[in-house]
Amino acid sequence: MAVRIAPSILSADFAALAQAVDAVAPEADMLHVDVMDGHFVPNLTIGPPVVRSLRKHTDLYLDCHLMMTNPGSYLEAFKKAGADGCSVHVEIGGTADLIGQMRDLGLDVGLAVNPDTPYEAYGRWLGDIDLVLLMTVFPGFGGQQFMAEVMPKLERTRAEITRRGLAVAVQVDGGIDVATAPVAAAAGADVFVAGNAIFGTGLDPAAAARRIRVAADAAVAA
Ligand code: DX5
Ligand code: ZN
């Protein structure tokens, strides 16, 4: 399983996003764009105009995590702005419709799952999506602590994907760093979102991403 790193620009300086993207690009397999609507989560971040600006600046895959109560009204705007894939939360309902809309628009289809949402709430969709995003913190803010209690759900998700021979990526998001990425990798994750550990430590962002990749790779191989 190939480890992929998805730096979250949430922890970058929004007044210097282009430099942040350039700094991390050598070690980024995709860019994770955290969209928060002030309803689904108690925080507000960015939307399609910023995706459009990123699209002009980089060829990196733009992975948009829509922490929104009503993402359906914005999917087309994200697609037009240059998003490659979007993830909607399963907790808001209407999942079949949202998956259909994303497919029709030509977006890669992601389904995001909060830490306390059980497997039964999303397992049935695994055959219809490209990526399942298992939150390892409650969404809303960067810099929170990794929740190891999500690992049994992650293991079950990976086991089911393997059993069914599906090509679904398993993304983890929240508190991922050199210590926690191996834990998630061993449980079956292959895409690692990291914000604070890449943009918030004062280290060179590409070097920080590289360290996470090396740590996760070692756990996959183990
Ligand atoms: C949290 C966001 C995450 C966040 C992760 O609501 O979905 O993508 O940026 O940040 P860290 O890596 O700092 O936990
Ligand atoms: Zn995210």
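Results, tabulated for the structure shown:
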| read-out | value |
| --- | --- |
| Candidates LEU75, LEU62, LEU166, ranked by Gaussian network fluctuation over the chain, Cα under 10 Å, top entry | LEU166 |
| Two-decimal Rg/Rh across segment 53-96, once Rg and the Kirkwood Rh are taken from alpha-carbon atoms | 1.01 |
| Per residue, in Å², the accessible surface of the chain once ligands and nucleic acids are set aside, probe 1.4 Å | 41 |
| Qualifying lysines (Cα of each under 26 Å from Cα of LYS56; at least 8 residues distant if same chain) | LYS79, LYS80 |
| Accessible surface of THR117 - all protein chains present, 1.4 Å probe, nearest 10 Å² | 20 |
| Residue-level accessible surface for GLU155, protein heavy atoms, 1.4 Å, Å² | 100 |
| Cα pair distances exceeding 26 angstrom across segment 4-221, given as percent | 28 |
| Accessible surface ranking that places the most exposed of THR136, THR180 first, with a 1.4 angstrom probe | THR180, THR136 |
| Sites LEU166 and ALA18 - FRET efficiency at Förster radius 25 Å, r taken between beta-carbons, to 0.05 | 0.10 |
| Apportionment of accessible area to carbon and sulfur, the chain, percent (1.4 Å) | 52 |
| Cβ-defined net charge surrounding LYS153, 13 Å radius [Lys, Arg +1; Asp, Glu -1] | -3 |
| Heavy-atom accessible area ranking, 1.4 Å probe, most first, across LYS56, LYS79, LYS153 | LYS56, LYS79, LYS153 |
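The values are calculated or read from the model by the stated rules, or taken from the named source; none is laboratory data. Quick caveat, the model's predicted, so the values are computed rather than measured. Heads up, the Cβs are rebuilt from the backbone with ideal geometry, glycines too, and the neighbour counts pull from every protein chain shown. Note: accessible area is taken over every heavy atom of the protein model, side chains too, but ligands, DNA and RNA are not part of it. Shrake-Rupley method; radii C 1.70, N 1.55, O 1.52, S 1.80 Å.
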